[in-house]
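The values are calculated or read from the model by the stated rules, or taken from the named source; none is laboratory data. As the structure is a prediction and not an experimental result, all values here were calculated from the model. Ideal geometry is used to build each Cβ from the backbone, glycine not excepted, and the neighbour counts take in all protein chains shown.
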Amino acid sequence: MKEEKIIVVGHKNPDTDSVVSAYVWSKVLSRLGDKAIASIAGDTNKETELVFEKAGINMPKKLDVKEALLFLVDHNEAGQMVGNPENVIGILDHHNISDFSTDKAIYFRNEPLGSTSSLIFKVATEEGVDFDEKDIFLLLCGIISDTLKLTSPTTTEYDKRLVDSFAELLGEDVDELAKELFEAKSDLSDMSIKEIIKADYKDYEFSGKKLGVGVAEVVSISFFEEKENLITQKIKEIKKEKEVDHIFFAVIDVLNQSTLLFVSDQDDKKLAQEAFGVEDEPPFTLKGVSSRKKQIIPPISKILKK
């Protein structure tokens, strides 16, 4: 067994798939002979907390990763990682490959699946690693959360097969479990608007232009109705703090598969209108849009890369 401990960690502003992936992959590495422990990179949401509570497992803690060997899960962009990039020894991810680079060879596995939870099960199975029922429950929740119960355009047939087999093994009702998870994630009652915008926020860079996109996945958009002025004000504040060129806040209605897109100023309004082909005034209603990774970022980045 190797003596130096590896910290497995997901991206900043962790979601359920990110935390589940860090926890389960740390167990996989340990079973393969490494000394590994999971960490979180920031505050978790209520959905993630519920998942670990239902599984009867303690949530990973936020560890000091400055000098540690790092294995990244659910991200590969330098702007979304914590710790020293030079200490990264491996990456497992299902997002687009960014410009993150290293001066040495590392383990890198990237596949276009609906969640990193799916990828972890695939890789671990190839390595002959078995899972207990608590691991399977966590992975099931990670897939349901990241694919919006298999409705996201990122969903693959592999994700669907895993959800079916996991649910049958555990005796779980997927519809009921998803409803419980989404309702927990939608409970924003104890958060300020600014906290909500930053809770699931990611930074990107395209052709030298810095972009920030915050997302809130909810079962009802009623909480955000008649708050346009306040939301716009807070987006402007975050735009200044983050020093980004453009910023958007997307409220994704997971039940109706649509997005309410808020912008900060006229420049962002014009960018959104060009990217999504909309002509009305913000916030823009984007029907059929439910994925930041596959439906929000690509059209915006296309414009920024021109």
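Brief remarks on what is shown
- For the stretch 11-44, taking the residues that are of a type in the set (A, V, I, L, M, F, W, C) and under 15 Å from I89 (Cα atoms), the one that is surrounded by the fewest Cβ atoms within 10 Å (Cβ to Cβ) is identified as I37.
- Checked against (1) under 20 Å from the mean Cα position of the chain (by Cα); (2) assigned to a loop (DSSP other than H, G, I, E, B), V213 meets all criteria but (2).
- Members of the stretch 204-226 that are among the charged types (D, E, K, R), surrounded by 14 or more Cβ atoms within 10 Å (Cβ to Cβ) and more than 22 Å from S145 (Cα to Cα): E205, K209, K210
- A single member of I247, I238 is hydrophobic (A, V, I, L, M, F, W, C) and touching a Ser or Thr at 6+ places or on another chain (Cβ under 7 Å), and it is I247.
- Residue among T125, T155 that alone is at pLDDT 95 or above and part of a loop (DSSP other than H, G, I, E, B): T155
- The stretch 216-243: number of residues that are farther than 30 Å from E180 by Cβ and outside any helix (DSSP H, G or I): 1
- Matching residues, the stretch 101-118, being closer than 19 Å to D17 by Cβ and either part of a loop (DSSP other than H, G, I, E, B) or in contact (Cβ under 8 Å) with a residue 60 or more places away in the chain (or both): E111, P112, L113, G114, S115, T116, S117
- Enumeration of residues in the stretch 19-76 that are of a type in the set (D, E) and in a helix (DSSP H, G or I): E47, E49, E53
- Of the criteria (1) of a type in the set (A, V, I, L, M, F, W, C); (2) crowded, with 22+ Cβ neighbours inside 10 Å; (3) in a helix (DSSP H, G or I), which one V8 fails: (3)
- Residue check for S258: assigned by TED's automatic domain parsing to the domain that holds D203, surrounded by 15 or more Cβ atoms within 10 Å (Cβ to Cβ), among the polar types (S, T, N, Q) and farther than 24 Å from G79 by Cα: yes
- Scanning the stretch 178-209 for residues that are within 19 Å of the chain's Cα centre (by Cα), in a strand (DSSP E or B) and among the basic types (K, R) returns a single hit, K202.
- Consider the stretch 140-191 and keep the residues that are among the hydrophobic types (A, V, I, L, M, F, W, C) and in contact with a Gly (Cβ under 8 Å, 6 or more places away or on another chain). The one that is surrounded by the fewest Cβ atoms within 10 Å (Cβ to Cβ) is L150.
- Remark: pairs (first residue in the stretch 214-235, in contact (Cβ under 8 Å) with a residue 60 or more places away in the chain; second residue in a helix (DSSP H, G or I) and hydroxyl-bearing (S, T, Y); Cβ separation under 9 Å; 6+ apart in sequence or on different chains) = E217/S145; E217/S186.
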